[in-house]
1. Non-local amide H neighbours of Tyr12 (under 5 Å, H modeled in plane, Pro and chain starts lacking H): which ones?
2. Tally Lys and Arg at +1 and Asp and Glu at -1 over the other residues with C-beta under 14 Å from the C-beta of Glu38: what net charge comes out?
3. Per residue of the stretch 41-55, what does 6.51 cos²θ - 1.76 cosθ + 1.60 with θ = phi - 60° give for ³J(HN,Hα)? Whole Hz please, x for Gly and Pro, Karplus curve as stated.
4. Counting other C-beta atoms within 10 Å, which of Val63, Val17 has the fewest, and how do the rest follow?
Amino acid sequence: MASFVATGMTEYTIEFVGTGETITCEETETILSRCLEEGIAQEYSCRVGMCLACSAEILDGEVTQPAARGLTDAEAERFALTCMARPQSDLKLDRGVYPPSIDAEHTAVSADD
Ligand code: FES
């Protein structure tokens, strides 16, 4: 029978502004995986930090996301790729807000048409 042992890991609270959704997330878990466990309809696609579909704007708090390769350094200060980001503090996030480079990519594709 499975038992859960206190691991001493730090658990943070994540509030999604505008939706009333609040979850807890350990420092070792990705925000996206916790959203999926909690039934929160966070969008995602690649799950490897490239497509930006899982983006959320960071309104308050800190994340670590060294594998968020789809973000520029400047964007990584303001946006979390939830498939890669792990909390470093309690967070306030705005789900479904995308960094500017997602538009740049879209524009580049359209220009080729
Ligand atoms: S799902 Fe593609 S960057 Fe997160």
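Read the figures in this text as sums done on the coordinates, not as results from a lab. Since the structure is predicted, the reported quantities are computational estimates derived from the model, not experimental observations. No Cβ is skipped: glycine too gets one built from the backbone with ideal geometry, and neighbour counts run over all protein chains shown.
1. Placed amide hydrogens put Cys25, Glu26, Glu27 under 5 Å from Tyr12.
2. For residues surrounding Glu38, the net value is -4.
3. Those phi angles translate into 7, 6, 6, 7, 9, 6, 6, 10, x, 10, 8, 6, 4, 9, 5 Hz.
4. Numbers: Val63 26, Val17 15.
By the 10 Å Cβ count, ascending: Val17, Val63.
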